[in-house]
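Right, one structure below, let's go through it.
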């Protein structure tokens, strides 16, 4: 493994080399526009939390973080989410990982970051535990709900003609639809509007929902527009619940993977669990109208939304294991004693969804 490298901060103009290395390491074809969206255009600030390794004038490693504002009780804190961390194969061995992380930590302190957090995948997590001494916050479960029997019938009865498979899909979907309608009934007069673009009064919604959770990423107009509407070639659908005024929203996305049509509940926030229930029921029936095979949602077990999903028939399955959530504290003035730290580490105080993982792919 080569060791002739220097560690430095990101400088404007590095992004093309960074993106080229990302595509080389992960064998992807990420456009540079996505890097600009994730870092340069981030509403919480320019990309000033990126540590790089350079050798002979080229980028060979990176520890990159996206700034995100979080509400903790009545305080708004600057935090960072760890996202793109990678090293050129010729330089692997742990040293660059540790050195770029060390510089990143210096940048956090310099930039007034209160804490860092992340959602490492099952490949990077063991490296992070070994080299970066990850601290575990909690697991973030993925819940599953079947919405028709198409995949099951194709597996059990592959010899059936497509006409019969289609009939099985349609009849079973109607059965699930009836169940969902019955579970989402409410005496409150709630209406749902699909929003092709976000309206500015989403800020009013944030103001009336933000205190439902003690620890939550700031979901104001600026953040939600960037997260769900400015992301190029990655369409999300945004539904707002109204009762004269906005009282909640849900973000969904439909994707095809391996022949499976999957409906993701990406994000949800409302004034109470009755509105949550209504929004989830609406999203599930929307998925059924689009012939989605099953739905997936990530939510903490301690969140009220988790029990609502269970009531709708969602379950945890081994094929969709929980995602680890990790953290590191950098401003102990915010967490001055053990009581404050225990409060921070309690999953019951957090609201986390698919949408909180900035680099989540669907």
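Computed over the chain, the per-residue total of -39500 (n - 2.57) for DSSP H runs of n ≥ 4 gives a 222 nm mean residue ellipticity of -9500 deg cm²/dmol, rounded to 500.
By the gyration tensor of its Cα atoms, with a ≥ b ≥ c the square roots of the eigenvalues, what is the shape of region 112-261: rounded for a/c under 1.5, prolate for a/b over b/c, or oblate? Oblate shape, in that a/c is at least 1.5 and b/c is the bigger or equal ratio. When the chain is treated as a GNM with alpha-carbon contacts under 10 Å, the residue of 88, 351, 333 showing the greatest mean-square fluctuation is 333. Here the extension length gained between residue 102 and residue 207 equals 34.1 nm, from 0.36 nm per residue of separation less the Cα-Cα distance. When each of the peptides 272-278, 170-176 is scored by how many other beta carbons lie within 10 Å of its residues on average, the order from highest to lowest is 272-278, 170-176. Between residue 189 and residue 4, what's the calculated FRET efficiency when r is the beta-carbon distance and R0 is 51 Å? Round to 0.05. For R0 = 51 Å, the calculated efficiency reads 0.15. With both labels modelled 7 Å from their Cα along Cα-to-Cβ, the residue 214 to residue 339 distance reads 1.2 nm.
Indicate, rounded to the nearest 5 percent, the antiparallel portion of the DSSP beta bridges found entirely in the chain. Within the chain, antiparallel bridges account for around 85 percent of the total.
Taking the chain as a Gaussian network of alpha-carbon nodes connected by springs under 10 Å, the highest mean-square fluctuation of the residues 141, 322, 126 belongs to 126. Is region 178-297 best put as rounded, prolate or oblate by its Cα gyration tensor, with a ≥ b ≥ c the root eigenvalues, rounded for a/c under 1.5, and otherwise prolate when a/b is larger than b/c, oblate when not? The shape class here is oblate.
Per-residue extension of 0.36 nm, minus the Cα-Cα distance of residue 230 and residue 245, leaves a gain of 2.9 nm for this segment. At an R0 of 30 angstrom, the distance between the Cβ atoms of residue 133 and residue 260 translates into a FRET efficiency of 0.20.
Shape class of region 78-142 from the alpha-carbon gyration tensor: oblate, with a/c at 1.5 or above and b/c at least as large as a/b.
Residues considered: 346, 166, 191. Largest GNM mean-square fluctuation over the chain, using C-alpha springs under 10 Å, is found at 166. Report D for region 54-201 in µm² per second (integer): Stokes-Einstein, Kirkwood Rh on Cα pairs, 25 °C, 0.890 mPa s. Translational D for this selection: 117 µm²/s. For region 92-122, backbone nitrogen atoms closer than 14 Å to the point 7 Å from residue 75 Cα along Cα-to-C-beta are found at 112-116.
Each reported figure results from applying straightforward, stated rules to the coordinates on display, with no laboratory input. Small disclaimer: the values here were computed from a predicted structure and weren't measured. Note that each Cβ is placed from the backbone with ideal geometry, even for glycine, and that neighbours are counted across all protein chains shown.
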